[in-house]
Structure formats: C-alpha cells, structure tokens
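All of the numbers you see were taken from the coordinates with simple rules; none came from a lab. Computed from a predicted model, the values in this text were never measured in an experiment. Using ideal geometry, Cβ is built from the backbone for each residue, glycine included, and neighbour counts are taken over all protein chains shown.
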Amino acid sequence: MTAVAPASPDCSAIVMRGITKRFPGVVALDGVSLEVKPGECHAICGENGAGKSTLMKILSGVDRPDAGTIEVHGSPVAFAGTGDAERAGVAIIHQELALVEDLPVAANVFLGRELRTRLGLLDDRRMEAECHRLLRSLECDIDPRARTGSLRIGDQQLVEIAKALALEASIVVMDEPTSALTEAESARLERTIAGLRARGTTIVYISHKMDEVFRLADRITVLRDGRHVATVHRSDTDQRQVTAWMVGRDLADGELAGGRTPGARVLEIRGLTLPWPDHPRGHRIADVSLDLHAGEIVGIAGLMGAGRTELLETIFGAAEPNWTGEIRLDGRPVRFAHPAEARAAGIALVAEDRKRLGLFADLDVAANVSLCALGDARRAGLLSRSREDALVAGPIRDTGVKAPGPRAAITGLSGGNQQKCIIGRWLLTRPRILLLDDPTRGIDVGAKAELHRLIDRLCRQGMAVLLTSSELPELLTLADRIIVLAEGRRTAEFSRAEATEQQIMEAATGYAPT
Ligand SMILES: Nc1ncnc2c1ncn2[C@@H]1O[C@H](COP(=O)(O)OP(=O)(O)OP(=O)(O)O)[C@@H](O)[C@H]1O
Ligand SMILES: [Mg+2]
C-alpha cells in the first residue's frame with residue numbers, strides 16, 4: 001500500500017488565476033489572481049464591495065467563477081459546491097452567518113456530516129461531546145444543545161468558527177470572523193489561529209481591523225473595485241499604505257470630538273436593573289445610572305455579555321419589560337412597551353445584528369432604508385416609487401452605500417454596505433436620541449471614517465448619541481465620555497481626555513495588574 005504522497009512543501013496551497021465574476025450590474029471580480037503558500041496566514045483587505053467575500057466564496061465552492069482557474073495543493077479544482085471544497089480540505093467561516101437557527105448548536109456544527117452510531121442512527125451524544133470539545137478549545141462554554149437562534153450573534157459566530165474547525169481542513173478561510181466578537185473573544189480566536197498554524201494549517205483571513213491584520217498576517221493582498229492592487233509582506237508595508245491602496249488615496253485622520261458643547265440633558269437613567277431569572281448572575285444589567293445630553297456622544301464600553309446591548313434595548317423598549325429603575329426623557333419618566341413608542345418619542349436604535357433585527361431580504365435597498373420613516377404610507381400604497389427613491393437618496397449618499405441603484409436587491413450588497421443601509425434607515429427618522437450598537441462592525445476603514453464624520457456632524461446639530469463599539473479606538477475617537485460596564489454593572493466613567501485603552505480594559509474585565 002502506498003500512502004497518498006504529501007504535497008511537496010514548495011507547492012502553493014492555493015493558486016487562483018484570472019478569476020472573474022459578474023453579477024447583474026456589477027463586475028465583482030475582474031481577473032484577480034491570488035497565490036497562498038502552505039502554512040501561511042494571508043490577509044485580504046479591501047473596501048466594502050471590493051470583492052473579498054466573492055473571491056473566497058469561489059475558493060470554497062459557494063459560487064462559481066465566470067472565468068479563471070483554481071489549484072489547491074497543486075491540483076486543478078472546479079468545485080461544484082461546498083462539499084467538494086471540504087473534501088479537498090478547504091473550509092470557510094462565512095461573514096454572513098450561515099447557521100440554521102432552529103437547530104441545536106451541535107447539529108449545526110455537524111450539519112451534512114452527522115456522526116452516526118453503528119446502527120446508522122444520529123449519534124447526538126458523540127456530536128454534543130465533540131462540539132463541546134471544539135467550543136472549549138475556543139475557550140467558550142456555549143451549550144451544544146442550545147437552540148442556535150437563541151444565541152447572541154457573537155456566540156453564533158463562535159459556533160460558525162467551531163463548525164469550520166470540526167472539518168479539520170488544511171485551508172481555513174475566515175471572512176471577518178471577529179466582526180461580532182469582543183476584544184477578549186478575538187484574542188481567544190487569535191490563540192486558536194496560532195494553534196492551527198502550528199499544525200501547518202493555511203489561513204486566509206479577511207478583516208477590516210487593521211491592527212488584527214498586521215498582527216496575524218504573513219502577507220497581505222489588497223483588492224479594490226474587483227481588481228488586484230498589491231500583495232506584500234507585512235514587514236514591507238504599514239497600515240497607512242495598505243489603507244491608501246484600499247481607498248485609492250491617503251486618509252486624513254483628523255480630530256473629531258474636540259470642541260463639541262453638550263446642551264440640555266435629554267436622557268436620564270437611574271438605577272436601571274434588568275433581571276436575568278435563570279442565570280447565576282441574576283441580572284443582565286444592575287443598578288446602572290447615566291445622563292446623556294443633546295450634542296453629546298457617550299460611549300459604552302464592555303466585553304460581550306457586559307450588558308451593553310441590553311442597556312440600549314431596554315431604553316428602546318426592545319428588551320424584557322420587567323426592568324426596574326427609572327428612565328427619564330426630557331425630565332419625564334418613560335417606559336416604552338414597544339420600539340414603535342420609542343421611535344415616536346424620537347429615539348432610534350441601530351442594532352448590532354443586521355440579519356435578525358435589521359434587514360428584510362425580500363425588500364430592495366430603497367424599501368429597506370425607508371422602512372421606518374415610511375412604513376405606514378408604504379403599506380397603505382400611498383407612496384410612489386419615485387418619491388421613495390428621492391427620499392432615500394440623502395441617507396444613501398450620507399452613509400456612502402455602494403449599490404447599483406435604489407431598486408437593487410439588498411441581499412446582493414456586500415456586508416458593509418448592508419450595514420450602511422440600516423444606519424441610513426434610522427437617520428431618515430430624524431431621531432433626537434440615536435442609540436448605536438456597534439454601528440461600524442464590518443465597515444471598511446474609509447467608510448468608517450466617513451461615518452465617524454457623519455455621526456460627529458449630527459451630534460453638532462444637537463443629536464444625542466449613545467454608542468457601543470467592539471473597537472475601543474472607535475469609542476476613543478468619537479465619545480465625549482466613556483462609561484464602562486462589567487457583568488451588567490457600571491464600573492467606571494472616563495472623560496475622553498483621560499481615557500486610555502488600558503484603563504478601559506481594566507475596568508471592563510475587573511482585572512488590575514499589580
Ligand atoms: N449574490 C450577489 N448578487 C449581486 N451582487 C453581488 C452578489 N454578491 C456580491 N455582489 C456584489 O459584488 C461586489 C463584491 O461584493 P463582496 O461581497 O465580495 O464584497 P466584500 O469585499 O466582501 O465587501 P465587505 O467588506 O462589505 O464584506 C459588490 O458590489 C456586491 O454588491
Ligand atoms: Mg465581505
């Protein structure tokens with residue numbers, strides 16, 4: 001018996017040549033080539049819509065190219081589906097989570113490759129045990145039997161990662177794996193990546209977080225508008241150059257928050273507590289107080305599970321109604337039973353989970369953007385398409401959405417552009433208080449800088465903003481004050497001038513180095 005010869009060490013793990021992919025109205029990829037060495041961590045950078053996900057969907061058998069060739073470990077391949085790619089050792093962690101919400105976690109991890117008993121029955125016990133082991137290796141304690149849809153988006157992302165790990169693939173593609181993870185969880189993922197690399201696994205890594213790219217990648221490839229711009233060794237470049245390649249110009253990183261003067265107090269929160277009955281902690285939020293003024297941006301920092309999202313949802317009438325404490329709007333106590341009431345009172349919430357709380361896949365771009373401002377007029381058939389187009393033109397321009405037109409399918413937009421549509425939707429409601437839950441997750445550096453300027457401008461016009469972010473630099477750029485939550489409790493407040501990443505992390509983890 002002869003064993004299958006191992007790939008020769010100097011043969012590339014991946015060679016893609018001249019890959020072209022068209023969608024109606026867009027050339028997503030225009031003759032892109034990519035070569036990845038075995039055992040390498042290769043990052044792919046580019047603005048929203050540059051073609052990163054499309055290239056990786058082609059590599060992993062999700063989409064087929066219109067032209068071009070692919071070799072994996074030296075052999076030409078033409079994958080007809082993800083199953084083919086998996087058999088060739090290529091696994092992908094999708095940007096838009098592709099989990100079945102109604103199935104338990106373990107069933108998702110083994111979907112299509114279920115473990116069976118000798119009698120051919122589903123071996124739930126073994127799948128749960130194996131799933132538990134994989135999740136432990138990611139240092140998280142998600143219950144393999146939990147319904148996947150009941151998990152928060154960060155946990156779902158960890159399940160998606162576990163699913164790819166279960167394949168034990170020789171090539172793992174990670175499309176923005178940390179976009180819903182906190183710093184601590186991202187650090188765990190980085191340790192997992194180091195473990196994979198020690199075993200010789202090749203990694204292709206897509207991220208908009210430049211510091212992550214520069215920590216992890218051996219080489220970086222930049223795409224712009226569906227074309228290859230550059231491939232460089234990390235040590236031969238820097239963040240500024242990569243960013244300039246991405247956006248085609250140098251970005252000025254100006255001071256933003258300086259010189260804003262907060263006005264009257266619009267929101268006052270006192271002793272807010274949101275119980276968590278079946279959890280040892282007993283509360284999602286405990287005794288949180290804060291003030292928010294017109295023309296002010298207050299940042300909420302904290303790790304996943306710290307209660308940031310719950311805080312915003314409680315204010316917005318989108319959480320369990322059993323909270324105690326006081327929420328005052330312009331001095332008057334309020335208790336919204338439904339988000340529609342909060343909206344009528346001039347509050348908007350841009351949610352972190354665009355798939356579950358935000359996007360409507362059956363509606364086109366314009367309808368998704370006009371949804372809250374015009375939902376009723378639209379349903380009653382009172383709204384003409386051209387009026388709607390005119391209405392959404394402003395927010396689409398302000399947020400920098402790249403789409404073939406207002407009537408394009410929302411599902412055809414790249415992840416970051418979908419997120420911009422949701423922000424645009426809420427701007428259209430002209431809120432006085434804007435609650436932003438990790439608003440620039442998955443948005444490229446250029447668009448992020450533009451959104452930061454937009455939020456700053458709105459704030460200077462008197463809007464009050466409460467902002468969470470999974471990236472501390474974003475809070476430090478935008479917020480006048482930063483409030484830190486840990487396990488649902490408020491542990492610190494910093495003014496922007498005095499805050500440092502180190503101090504915030506210490507307050508968020510309750511860990512102070514001696
Ligand atoms: N299924 C589809 N139908 C129509 N157009 C699509 C489809 N998938 C992608 N596109 C288009 O192809 C282009 C590239 O999209 P892609 O998702 O690859 O971008 P990306 O670089 O991953 O961006 P992001 O950083 O926002 O995730 C975009 O213009 C997008 O609108
Ligand atoms: Mg993408």
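Taking Lys and Arg as +1 and Asp and Glu as -1, the other residues whose beta-carbon sits under 12 Å from that of I347 total 0. Packing-based ranking of 474-484, 338-348 yields 474-484, 338-348, ordered from highest to lowest mean Cβ neighbour count within 10 Å.
Coupling constants for the stretch 322-330 follow from the phi torsions by the Karplus curve (6.51 cos²θ - 1.76 cosθ + 1.60, θ = phi - 60°), and in residue order they are 8, 7, 10, x, 9, 10, 10, 10, 6 Hz; glycine and proline get x. When each of the peptides 115-121, 165-171, 405-411 is scored by how many other beta carbons lie within 10 Å of its residues on average, the order from highest to lowest is 165-171, 405-411, 115-121. Relative to the current alpha-carbon distance between H233 and N322, full extension at 0.36 nm per residue lengthens the span by 26.6 nm. Where both bridge residues fall in the chain, DSSP classifies roughly 55% of the beta bridges as antiparallel. Compactness check for the stretch 36-110: Cα Rg over 2.2 N^0.38 Å is 1.23.
Hydropathy at least -1.0 by Kyte-Doolittle, axial extent at least 18 angstrom from the Cα trace: which helices of the chain, defined as entire DSSP H runs, fit?
Working: long enough: 124-137 (19 Å, -1.34); 153-166 (20 Å, 0.56); 183-198 (22 Å, -0.41); 385-399 (21 Å, -0.76); 415-428 (20 Å, -0.14); 445-460 (22 Å, -0.11).
Within the chain the helices that satisfy the rule are 153-166, 183-198, 385-399, 415-428, 445-460.
Every helix of 4 or more DSSP H residues in the chain counts as -39500 (n - 2.57), and over all residues that averages to -10000 deg cm²/dmol at 222 nm.
Only lysines eight or more places from K402 in sequence, or on another chain, were considered; those with a Cα closer than 29 Å are K21, K52, K57, K209, K355, K420, K448. For the listed peptides 154-163, 180-189, a ranking on the average number of other beta carbons within 10 Å per residue, highest first, reads 154-163, 180-189.
Using 0.36 nm per residue and subtracting the Cα-Cα separation, the extra length available between S150 and D102 on full extension is 16.4 nm. When all alpha carbon pairs of the stretch 127-262 are counted in 5 Å bins from zero, the resulting P(r) reads 2, 8, 16, 18, 16, 13, 10, 8, 6, 2, 1, 0 %.
Electrostatic tally near R489: other residues with Cβ closer than 14 Å to its Cβ, Lys and Arg +1, Asp and Glu -1, net 0.
So, R0 is 56 Å and r is the distance between the beta-carbons of A390 and L119; what FRET efficiency does that work out to, to 0.05?
The value I calculate is 0.30.
Between T411 and A497, the FRET efficiency estimated from the beta carbon spacing at R0 = 51 angstrom works out to 0.70.
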